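The values are calculated or read from the model by the stated rules, or taken from the named source; none is laboratory data. For clarity, every value in this text was computed on a predicted model and none was experimentally measured. A quick note on method: Cβ atoms are made from the backbone with ideal geometry, for glycine too, and the neighbour counts reach across all protein chains shown. Remember, those area values only see protein heavy atoms, side chains included, never the ligands or the DNA or RNA. Shrake-Rupley method; radii C 1.70, N 1.55, O 1.52, S 1.80 Å.
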Amino acid sequence: MAKHTDSNVKALPVLERKPMELDEAALESARHSLDEGAVTPSYGPWREDVIKLLNDSLATELVCVLRYKRHHFTADGLESPKIAEEFLVHANEEAAHADRLAKRIVQLGGEPDFSPDSLSGRSHAAYDDSADLKAMIRANLVAERVAIEAYSQMIALIGDKDTTTRRMLESILSQEQEHADELSDWLED
Ligand SMILES: [Fe+2]
Ligand SMILES: [Fe+2]
């Protein structure tokens, strides 16, 4: 084996050593601007974008509540009472997601948009009033898959820009994946 000499060993790049120090000017600014609530200078310039993304997801969750409620009450009496009951469980979990999104929007200084007039236009997922159980399951699976895709994209977009929002979205995403998993099992039965 060839012996390394000085000429064939590459020198490692010397990293510039920046001191790990806090930004004192930003700390001072955090002491003032109290009307910003939980949002401090390190938040960065993407607050409006994050609020818009959260509001679109809020609309999606609210439409999902309506769709699952409709399915719960109309599937009652169809061939699987267990699935009708599970639609209600999902409706309540989507409502809890909506609450978490609205709470975070307010924490970021935004306005949660619950306006019913623009709800379905802003939602990523569609409402559905199918009368057949299989069609209901399929519509819910489509909606869950759309929600999974939207939350995954939001998590990637937000990255380290807002770790509190990202963690919340990750936790909602894992529940949407459970929903989709259940629905696809029922579709196969
Ligand atoms: Fe949800
Ligand atoms: Fe869901």
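Accessible area per residue for the chain is 64 Å², calculated with a 1.4 Å probe on protein heavy atoms, without ligands, DNA or RNA. Local charge for Y151 was computed over the other residues whose Cβ lies under 9 Å away, with Lys and Arg +1 and Asp and Glu -1, and equals -3. Of all segments of the chain bounded by GluC sites (Glu not before Pro) found in a DSSP loop with no more than 16 other C-beta atoms within 10 Å, the longest spans 80-189. Surface composition of the chain: carbon plus sulfur atoms contribute 55% of the solvent-accessible area (1.4 Å probe, protein chains only, all chains present).
Quick check on the chain: helices-only [θ] at 222 nm, where DSSP H runs of length 4 and up contribute -39,500 (n - 2.57) each and the sum goes over total residues. Nearest 500, please.
After summing the helix terms and dividing by residue count, I get -22000 deg cm²/dmol.
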